[in-house]
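Everything below concerns the one structure shown next.
The values are calculated or read from the model by the stated rules, or taken from the named source; none is laboratory data. This is a predicted model, so every value here is computed, not measured. Positions of Cβ are backbone-derived with ideal geometry, glycine not excepted, and every protein chain shown enters the neighbour counts.
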Amino acid sequence: MTEPANDFVRRFEEAWREPGTKFVELFHPEGTLFQSGMEAPIGRDRIQVHQQVTLAVLPDMRVKPTRWAANGADVFIEWTANGTFKDQPVEWGGASRFTLQDGLIIEELAFFDSFPLRKLTNPALGGGDMAVAALAAANPMSGG
């Protein structure tokens, strides 16, 4: 892998060891973030607020890369996040594609499994196969 990609992954790991402003510092001034659950990408000023809100809900949240790859200006990181929500431990996985410019994130596109978090905020969600639950919701008379 390229030295810029290695350096970025190292800085990403460091930023999530002690989150706060360090994550936002990885972004280019014109950088954007778009992740699961967002309606539209947000800019660096809103990324700072998003990070503060996230850490208010999950103050001990940490993100650890599990594997990564690079292709040109893009770095792909598969990661595991964990933290505590209302005294309940929670862990989820995800993947992000970072497009870098001058070593900083110009664009992050992140996808993750939000079910572990949603289940803690709404225990009625239960568990099981979401496709089966969607089918049952779409066809309430099927008894599925």
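Residues in segment 25-48 that are more than 14 Å from Thr99 (Cα to Cα) and among the aliphatic types (A, V, I, L, M): Met38, Ala40, Ile42, Ile47.
Among the residues of segment 32-49, is there at least one that is of a type outside the set (Asp, Glu), closer than 19 Å to Arg118 by Cβ and at pLDDT below 90? Yes, there is a match, as at least one residue in segment 32-49 is of a type outside the set (Asp, Glu), closer than 19 Å to Arg118 by Cβ and at pLDDT below 90.
Only one of (1) touching a residue at least 24 places away in the same chain (Cβ under 8 Å); (2) assigned to a loop (DSSP other than H, G, I, E, B) fails for Met38. Which number is that? Met38 satisfies all of (1) touching a residue at least 24 places away in the same chain (Cβ under 8 Å); (2) assigned to a loop (DSSP other than H, G, I, E, B) except (1). Being more than 30 Å from Lys119 (Cβ to Cβ), surrounded by 12 or more Cβ atoms within 10 Å (Cβ to Cβ) and touching a residue at least 60 places away in the same chain (Cβ under 8 Å) is a condition met by at least one residue of segment 86-102.
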